[in-house]
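So the structure is just underneath, and the comments pick up after that.
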Amino acid sequence: MQADLFIVQPAFRKEKKELINDTIYTPHYLIVLLVVLFSFGYMHKNLFMSIQETLKKRILVIDGAMGTMIQRHKLTEADYRGTRFADWPSDLKGNNDLLCITQPAIVTGIHLQYLEAGADIVETNTFSSTSIAMADYDMQSLAYELNVAAAKCAKEAIKQYKSKHPNATEKYIAGAIGPLNKTLSLSPDVNNPGFRAVTFDEVVLAYTEQIRGLVDGGVDIILIETIFDTLNAKAAIFAVKEYFRKEGKPELPMMISGTITDASGRTLSGQTLSAFYTSIEHAKPLSVGLNCALGAQEMRSHIEELAQIATCYTSAYPNAGLPNAMGEYDEQPHETAHIIQEWAANGWLNIVGGCCGTTPDHIKHIADEVKKFKARELPVLEEVI
């Protein structure tokens, strides 16, 4: 229809003959699409540069545990269900990611507490928001919606924070991508070590859906975290790269965080820290780091090693010590911060925060300590001839 066309090159008259000079008619929606794509690329280029410049100047603080804070609300089965899922056939208590839909005010409130404590980066409440993980609750079809909703909760928290603190430094949203409850390197059947409960393509598909939801929801960073199986992480990295390539969008900055599971210094799938770093270095992440499983005291030597081998920025967000016999965390905020203060003083850190058992109090103490020190400088790479 004529009303739907935008004339790019006007017609003109010459020597009393009406000549149409190959007028180009472009549908309005194509013009809008080009403007949107250009704007997206421009905004994210500026975003990436903003994060890079900030990381050169100071240590950034990432938030603490979401699950620990949710537990404080002592939510019931009915709270998790809300009105929409009141008749859902499966038990839903414990599905923390679902709260982004049924109790968004609680999730937003937790994000806001971490921002007030000094966090520069807040993670979306999407640790298990994939179709594979949500199968435990028969909620595979909600994966995309969960990620969009979680990103919106984080955005709302930042909006509220900025309204109270208009001169505050820039805040970023990291779209959290967890490790899945099925692994590509390990068999769930001790009697059949060659068996795998999921395929690489299935993992890629699940992660791609999650990434699409996070990006559509408006995250600033993609965070692949708590990696205990490097092959799962490779599937996530592949999904990230393929998603942005196929969508024709500039890639968002990618943070990658592994998990050393015990005193052996290895991931659950058997890699040492240096082997893990070598396995994912090709992704050219914004940062590589460690989180979960260990407290700051147990993680110290690994962070020191990582700071020496990483050519990108480093991150660390340990647990609040090791769990006690009841599975609870007793390490006090000042104790965690005191250990991390040494890391910052030694120049090992670019991004730091907390994982299981940590609270806004932990993050405030950590933020207060690390702001006294300069950020780790990236190593200067020598060209090999």
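The values are calculated or read from the model by the stated rules, or taken from the named source; none is laboratory data. All figures in this text were calculated on a predicted structure; none of them were measured in a lab. Neighbour counts are summed over all protein chains in view; Cβ atoms, including those assigned to glycine, are modelled from backbone coordinates with ideal geometry.
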Has region 106-126 got at least one residue that is buried (at least 19 other Cβ atoms within 10 Å of the Cβ), touching a strand residue (DSSP E or B) at 6+ places or on another chain (Cβ under 8 Å) and over 14 Å from I158 (Cα atoms)?
yes
Being modelled with pLDDT of 95 or more, within 23 Å of D368 (Cα to Cα) and more than 17 Å from the chain's Cα centre (by Cα), is that true of even one residue in region 75-89?
no
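For every residue, the table says whether it meets (1) assigned to a helix (DSSP H, G or I); (2) at pLDDT below 95.
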position: E116; (1), (2): yes, no
position: S141; (1), (2): yes, no
position: A150; (1), (2): yes, no
position: K159; (1), (2): yes, no
position: P166; (1), (2): no, no
position: K182; (1), (2): no, no
position: V190; (1), (2): no, yes
Cβ pairs under 8 Å, 6+ apart or interchain, first in region 214-227 and more than 18 Å from P285 (Cα to Cα), second basic (K, R) and surrounded by fewer than 24 Cβ atoms within 10 Å (Cβ to Cβ), ordered by first then second residue, are G217/K152; G217/K155; G218/K152; G218/K155
Residue, surrounded by the fewest Cβ atoms within 10 Å (Cβ to Cβ), within region 75-88, restricted to residues that are assigned to a helix (DSSP H, G or I) and either touching a Lys or Arg at 6+ places or on another chain (Cβ under 8 Å) or touching a residue at least 12 places away in the same chain (Cβ under 8 Å) (or both)
E77
Within region 301-352, which residues are touching a Pro at 6+ places or on another chain (Cβ under 9 Å), surrounded by 19 or more Cβ atoms within 10 Å (Cβ to Cβ) and assigned to a loop (DSSP other than H, G, I, E, B)?
A310, C312, A320
Output yes when any residue across region 60-74 is over 23 Å from the mean Cα position of the chain (by Cα) and in contact (Cβ under 8 Å) with a residue 24 or more places away in the chain, and no when none is.
yes
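Let's see how each residue does on (1) modelled with pLDDT of 95 or more; (2) closer than 22 Å to S287 by Cα:
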{"site": "H334", "(1), (2)": "yes, no"}
{"site": "Q341", "(1), (2)": "yes, yes"}
{"site": "N350", "(1), (2)": "yes, yes"}
{"site": "T358", "(1), (2)": "yes, yes"}
{"site": "I363", "(1), (2)": "yes, yes"}
{"site": "F373", "(1), (2)": "yes, yes"}
{"site": "V384", "(1), (2)": "no, no"}
Evaluation of H282 against (1) in contact with a Gly (Cβ under 7 Å, 6 or more places away or on another chain); (2) surrounded by fewer than 24 Cβ atoms within 10 Å (Cβ to Cβ); (3) under 22 Å from P253 (Cβ atoms); (4) without any contact (Cβ under 8 Å) to a residue 60 or more places away in the chain (one fails), failing number:
(1)
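Taking region 304-343 only, how many residues are within 20 Å of S274 (Cβ to Cβ) and in contact with a strand residue (DSSP E or B) (Cβ under 8 Å, 6 or more places away or on another chain)? If you could, list the steps in order and put the result at the bottom.
Going through region 304-343, the residues within 20 Å of S274 (Cβ to Cβ) turn out to be 304-316, 318, 343.
Those still in the list that are in contact with a strand residue (DSSP E or B) (Cβ under 8 Å, 6 or more places away or on another chain) too: 306-307, 310, 312-316, 318, 343.
Residues meeting the conditions: 10.
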